[in-house]
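One structure is given below, encoded as structure tokens.
The values are calculated or read from the model by the stated rules, or taken from the named source; none is laboratory data. Because the structure is predicted, anything quoted here is derived from the model rather than measured. For neighbour counting, all protein chains shown are included, and Cβ atoms are generated from backbone atoms with ideal geometry for every residue, glycine included.
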Amino acid sequence: MVIMKNIRLKSLVLSGMLLSSQLYAKKPSVKEAEAFLQTVEKTLVKEMEYSAKIAWVQSNFITQDTIWLGAKNNEKMSALGVEYALQAAKFDKVKLPKDMRRKLNLLKSSLTIAAPTDEKKNAQLAQISSELEAMYGTGKFCEKDQCKTLNDLEEIMTKSRDEKELLKTWKGWRTISPPMRAKYSTMVKLANEGARNLGFKDTGAMWRSQYDMTADEFAQELDKQYQQVKPLYEALQCHVRAKLTEHYGKQVMGDDGMIPAHLLGNMWAQSWTNVYDLVKPPKAVEGSPIDVTKLLAKAKYDPIKMVKTGEAFFTSLGLPALPETFWQRSLFTKPKDREVVCHASAWDLDNIDDLRIKMCIKVDEEDFVTIHHELGHNFYQRAYKDQSIIYRTGANDGFHEAIGDTIALSITPEYLAKIGLLDKAPKSTSDLGMLMKMALERVAFLPFGLMIDQWRWKVYSGEISQEEYNKGWWQLRNKYQGVKSPVAITEANFDPGAKYHISAGVPYTRYFLAHILEFQFHRELCKAAGNKGPLHRCSIYGNKKAGAKLTKMLEMGASAPWQDALEVVANSRQMDASAVIDYFAPLKTWLDEQNKDRDCGW
Ligand SMILES: [Zn+2]
């Protein structure tokens, strides 16, 4: 669920640079800033397309050679990004029109990784980054001559209820990451050097500076949002633990209040929907939760039909259909003959309308939702295509992740009935089952979404040293998720590396932001659509009024602070996690009842 657009961050080209540092040795003028930005915009349009094509080929054909090409490409784009950031910083003291100031600030702060200016180190950093991502993409768990890919292993994690098999699978995937540890540590050092050249304390501080507020204010903002949803998460964790204990027994679960990480139906325990049947409310109050996987199978959906259905939701809001090239150039299913990065992603290769997704689609509910997620990126990308190339990105990265998930919240029974997957929507007298399913996906995710970058911020700041990578990782997983390692924690392992976004160096806070924002967007768009019923039964499908609001926000791209963009949809400049609480209110009441005699907390 990554969006391949941050290439800008990883990249900058020297060849197109008309502006050497000497040029601005004296007092840079407004005119020079203008000329600089024009050059940047012109160069970026060209270089980003070239770079995106290389990245696409690398991800679709993982070979020694494409890894090499990918590394060269990263190296070039990294150098260009850093060069632009350094150049932009030279105008820090010049009084400039607002728009120019914003563009320069974005050039300075939007790098994911800042390469060191030293050519050799830049090349080393690019090489390591490529290798780490490829180690993940080609990672397999082999026993004798039987090898399992991540897809195979995830299948087991999803379905198996055999504790021993789950443990073996969980441990098996984590055999791919110990060899990443030394490389990862070198990457951290080099990336920090680059961030410091740009005036940031470290890479983590650089990441936190991209949100139209200071790095410290941003950290506080995250904390504030999390405090709002924490009681809901804790109630869910308590109930799920009690139910898993009934199934797996005290011996497996232990008595520290935490849940072993291999029992939650997901390789990283980040989404718990697959243990629904173990934790669901009793029949009398369950209502009729919808099994989309079954409906898709019954209606004989294939991957393409799933994507077409996703597209139709967006067009029902008034957004234009995807271009023909999307269907010709995307990757929808896992190829049999080659290695690809299966992790779902959305692409915009020319930053206009060469939109694509790359997924190994399975015909199930999870991928049906993921398709909406990825298409959210694509429709956003095309909506802001007329902005300056510097603004062709989300209002912040959380917005980009939130759009498709907002739409997925509208996959209600009424919607499924409208598109013919369901005969008739059941009455909404008791939707506890439906809400439980949604909570297992999105509420369960919240502390996970937060802790990933808590770990990385500490790694980049040096608070967690290389000798304590795994220990630090599990301390955070314990603290936030109340989830624990099923095996003794040792530094011979490197469990963080077995998560895509860590090995691929993709920041993660965006997903936490998205999981708050999407509920806020949903609540406000439902208001615009005139919804009167419960929030979890609202679908904005086909509502042009809600569509118009959404479109207006999407078209802004990053041309204004994210608070401005939020205001368009939410009539407020504040992020507000109370929408999560509103959405799950009936479930929270029920969970509290269930938990009243349980010993909650960890
Ligand atoms: Zn995404």
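Quick notes on this structure:
- Test: A408 is at pLDDT below 95 and surrounded by fewer than 24 Cβ atoms within 10 Å (Cβ to Cβ): yes
- Of the helices (runs of 4 or more DSSP H) lying entirely inside the stretch 485-565, those carrying at least 3 residues that are closer than 30 Å to E468 by Cβ are 500-503, 509-528.
- Restricting the first member to the stretch 576-602 and to residues that are farther than 23 Å from I259 by Cβ, and the second to residues that are among the acidic types (D, E) and part of a helix (DSSP H, G or I), the beta-carbon pairs closer than 9 Å and six or more apart or on different chains are A579/E518; A579/E524.
Table: residues versus (1) farther than 30 Å from H239 by Cα; (2) buried (at least 22 other Cβ atoms within 10 Å of the Cβ).
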| site | (1), (2) |
| --- | --- |
| W562 | yes, yes |
| D576 | no, no |
| F584 | no, yes |
| D597 | no, no |
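- Annotation note: of A425, A417, A408, the sole residue that is among the aliphatic types (A, V, I, L, M) and free of Cβ contacts under 8 Å to residues at least 12 places away in the same chain is A417.
- Number of the exception - L476 against (1) in contact with a strand residue (DSSP E or B) (Cβ under 9 Å, 6 or more places away or on another chain); (2) in a helix (DSSP H, G or I); (3) more than 16 Å from the ligand (Cβ to nearest atom): (1)
- Filtered residues of the stretch 124-140 (kept if within 25 Å of the chain's Cα centre (by Cα) and over 18 Å from V340 (Cβ atoms)): L125, A126, Q127, I128, S129
- Qualifying residue in the stretch 435-450 (condition: farther than 23 Å from D576 by Cβ and not hydrophobic (A, V, I, L, M, F, W, C)): yes
- Complete set of residues in the stretch 384-420 that are closer than 21 Å to P281 by Cβ and part of a loop (DSSP other than H, G, I, E, B): L409, I411, T412
- Filter result for A79 (at pLDDT 90 or above, surrounded by 19 or more Cβ atoms within 10 Å (Cβ to Cβ), part of a helix (DSSP H, G or I) and in the same structural domain as A123 (by TED's automatic domain parsing)): no
- So A85, is it in contact with a strand residue (DSSP E or B) (Cβ under 7 Å, 6 or more places away or on another chain) and part of a helix (DSSP H, G or I): no
- Test: residue in the stretch 174-187 that is touching a residue at least 24 places away in the same chain (Cβ under 8 Å), outside any helix (DSSP H, G or I), farther than 24 Å from L440 by Cα and touching a Ser or Thr at 6+ places or on another chain (Cβ under 6 Å): no
- Enumeration of residues in the stretch 285-295 that are in contact (Cβ under 8 Å) with a residue 24 or more places away in the chain and either on the phi < 0 side of the Ramachandran plot or out of contact with any Pro (no Cβ under 9 Å at 6 or more places or on another chain) (or both): V285, E286, S288, P289, I290, D291, V292, T293, L295
- Filter result (in contact (Cβ under 8 Å) with a residue 40 or more places away in the chain and more than 19 Å from the chain's Cα centre (by Cα)) within the stretch 464-494: Q466, Y469, N478, G482, V483, K484, S485, P486, V487, A492, N493, F494
- Of the residues making up the stretch 323-378, those that are hydroxyl-bearing (S, T, Y) and away from the ligand (no atom under 12 Å from the Cβ) are T325, S330, T333.
- Here the condition is being within 21 Å of F313 (Cβ to Cβ) and aliphatic (A, V, I, L, M); of L375, L446, L440, it holds for L375 alone.
- Any chance E131 is assigned by TED's automatic domain parsing to the domain that holds I67 and either within 27 Å of Y511 (Cβ to Cβ) or surrounded by fewer than 18 Cβ atoms within 10 Å (Cβ to Cβ) (or both): yes
- As a summary of the residue check, D423 satisfies the conditions (1) more than 18 Å from L349 (Cα to Cα); (2) part of a helix (DSSP H, G or I); (3) not basic (K, R) except for the one numbered (2).
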